[in-house]
Amino acid sequence: MPAAPVEQQAQDVASALAFLIRQAESLGFDASRVVLMGHSAGAHLSALVGTDMRYLNKAGLSPKSLRGVIPLDGACYDVPRQIAEGGDFMHETYIQAFGGEKERQLTLSPTHHAAAPNAPAFLILHVQRVDGTAQSKALAAALQKAGTPAEVRSFDGIGLKGHAEINRRLGDPAYPATPVVDAWLKSVFEK
């Protein structure tokens, strides 16, 4: 930001995903076993690409191009709500990213796009941050209402330290989120 607005960032994610899927054979992976995962702002972008089909469609993909989405500790899945309730800490950053117009904020809100079609499944992870917890639960509820399987899991970690730790330690077998993600991936890849 501001050189690449959120809309462009989300399209870049979808376009990169399409490129990788087209190159799956030469890159040595199964194009039918793809999950999109992102942390913080990347959690928002992955959730947006998994709920607003304009991005996947423009890249020549569909919701079935993914097996699922794993947002890691995002706090802005419902942009107007976060701007209104999130306090002063990130307020200006959110305004810079999403603007002051409610219609644009809604357009960039994964929770607003949670009506089907969506990516086939979501595993939404968060640490102990009030806004991240509330936003994660609300996104899951909206997805579930639309018939999209969505699971929310909470992990220890407070504030920015916890926010960084879930990103840094995911993959470490001793970190509690790792076996949760591994089990979820196994379940979505078996379908």
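Expressed in whole Å with the largest first, what are the equivalent ellipsoid semi-axes of the chain derived from the C-alpha gyration tensor as the square root of 5 times each eigenvalue?
Result for the chain: semi-axes of 24, 21, 15 Å.
Straight-line reach from K64: which lysines have a Cα under 28 Å away, not including same-chain ones fewer than 8 places off?
By straight Cα distance, K64 reaches K137, K145, K186, K191.
Work out which helices of the chain, taken as complete DSSP H runs, extend at least 18 Å along their axis over the Cα atoms and score a mean Kyte-Doolittle of -1.0 or more, then list them.
Span-like helices here: 6-22, 130-145, 177-190.
Take the Cβ-Cβ distance between S187 and I158 as r, set R0 to 25 Å, and report the resulting FRET efficiency rounded to the nearest 0.05.
Efficiency for this residue pair is about 0.30.
What does the extension gain come out to for A174 and L106, with contour length at 0.36 nm per residue minus their alpha carbon separation?
20.7 nm
What does the helix-only formula give at 222 nm for the chain: each DSSP H stretch with n ≥ 4 adding -39500 (n - 2.57), the total divided by the residues, and the result rounded to the nearest 500 deg cm²/dmol?
Value at 222 nm, helices only, nearest 500: -15500 deg cm²/dmol.
Here, each number is a calculation from the coordinates, and none is a lab measurement. Quick caveat: nothing in here was measured; it's all calculated off a predicted structure. Ideal geometry is used to build each Cβ from the backbone, glycine not excepted, and the neighbour counts take in all protein chains shown.
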